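Working notes, beginning with the structure itself.
The values are calculated or read from the model by the stated rules, or taken from the named source; none is laboratory data. What you are looking at is a predicted structure, and each value in this text was computed from that prediction instead of being measured. Because the Cβ atoms are built from the backbone with ideal geometry, glycine has one as well, and the counts that use them run over all protein chains shown. Keep in mind that these areas ignore ligands, DNA and RNA; they rest on the heavy atoms of the full protein, side chains included. Shrake-Rupley method; radii C 1.70, N 1.55, O 1.52, S 1.80 Å.
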Amino acid sequence: MLWFLVILAAVAFIAIGMYNSLVRLRVRVNGAWADIDVQLKRRWDLIPNLMETVEASAGHERETLEAVVEARNRAMGARGPAEAGAAEGALAGALGRLFALSEAYPQLRGVEAFTDFQRSLDEIEEAVQNARRYYNAVVRDYNTKMQVFPTNLIAGLFGHTRREFFSLDDERQREGPQVAFS
């Protein structure tokens, strides 16, 4: 009887350890997504000021400006990593077209606010890339942990579900906006 209790206690401790490791990874995934969300919000908040600067120098480029606003709104309304990845990729493309205006309008490059916004956006893009890389690594660890035996039994028992990676589907979207400091 004593051996049975010892074995039962060992199994219980192992199960508790597996459950706790899944919970820790789930919390890390949620925290990593929150980090991405913070960086994306920083970018979204920068865009209206950038738009005002561009509009003052190249306001007749209405189509480009409207495309950026529409892409920003879609990105802000995205839910989940897959939808956010697609929306953020479209926003990066629209911002790339916006920055291409500086080639057509050299006076835009002379506006200090425009170059400051470009620099800030470049820093934010780097932070988003780092946050995305960390998030995807944590999701990989979490999803792997959920699929290996015997942790998969605990994961299924307590309702842990797979998480989506935050990735860009279109190869052009992977490039991001080209920021030139000329």
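Tabulated data
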item: Net charge contributed by nearby residues that have their C-beta within less than 12 Å of residue 44 (K/R +1, D/E -1); result: +2
item: Apportionment of accessible area to carbon and sulfur, the chain, percent (1.4 Å); result: 57 percent
item: Max mean-square fluctuation residue, GNM over the chain, Cα-Cα springs under 10 Å, options 115, 53, 161; result: 161
item: Approximate spin-label separation residue 113-residue 126, in nm, with each point projected 7 Å along Cα-to-Cβ; result: 2.5 nm
item: The chain, relative contact order [Cα under 8 Å, separation at least 6], %; result: 34 percent
item: Per residue, the convex hull volume that the Cα atoms of the range 50-128 enclose (Å³); result: 79 Å³
item: Spin-label pair residue 162/residue 34, simplified geometry with 7 Å Cα→Cβ offset, distance in nm; result: 2.7 nm
item: All-pairs alpha carbon distance profile, the chain, 10 Å steps from 0, percent; result: 9, 30, 24, 15, 10, 7, 3, 2, 0
